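Take a look at the following structure, please.
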Amino acid sequence: MIFRRTDQIFRHLPGTHVQSMGYNAKRGRLYLISDDSVASFPASRLKGRGSLTNKSFDWSELTPKRETEGLVFDSTGHGYLLTNHSPEVLVSTTVY
């Protein structure tokens with residue numbers, strides 16, 4: 001595995017601190033998890049110098065407010081969201 005720094009800078013994050021990151025191979029999107037919100041964007045836009053714009057992002061906010069800790073996807077595209085405080089794993093009913 002090789003890691004390479006991207007020159008993309010995020011001016012707005014999905015919360016005060018990003019707590020986790022997930023990747024959905026079916027959609028090719030990276031997910032930044034923070035508190036009760038999720039921001040996603042196309043992973044391919046990070047290649048090179050980074051070319052993300054505001055329109056690249058999809059934003060989601062959980063209601064009622066729940067603190068989230070992580071998000072993973074299986075090979076079919078179903079998401080598994082880990083919550084904190086009365087910990088539980090939520091499974092998506094649809095493919096993303």
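Look through the range 36-65, keep the residues that are within 12 Å of the chain's Cα centre (by Cα) and among the charged types (D, E, K, R), and return whichever of them is modelled with the lowest pLDDT.
ASP36
Any residue in the range 62-91 that's over 13 Å from SER20 (Cα atoms): show its pairings with residues that are assigned to a strand (DSSP E or B) and among the aromatic types (Phe, Trp, Tyr) at Cβ separation under 6 Å, as long as the two are six or more apart or on different chains.
GLY79/PHE73; VAL89/TYR80; VAL91/TYR80
Just name the residue that is most open to solvent (accessible area, probe 1.4 Å) out of those in the range 16-28 that are out of contact with any Gly (no Cβ under 9 Å at 6 or more places or on another chain) and more than 18 Å from ASN84 (Cα to Cα).
TYR23
Taking ILE9, is it assigned to a loop (DSSP other than H, G, I, E, B), free of Cβ contacts under 8 Å to residues at least 12 places away in the same chain and aliphatic (A, V, I, L, M)?
No; evaluated as a whole, the condition is false for this residue.
The values are calculated or read from the model by the stated rules, or taken from the named source; none is laboratory data. Bear in mind that the values here come from a model prediction, so they are computed numbers and not experimental data. Cβ: placed from backbone, ideal geometry, glycine included. Neighbour counts: every protein chain shown. Ligands, DNA and RNA are excluded from the accessible area calculation, which covers all protein heavy atoms including side chains. Shrake-Rupley method; radii C 1.70, N 1.55, O 1.52, S 1.80 Å.
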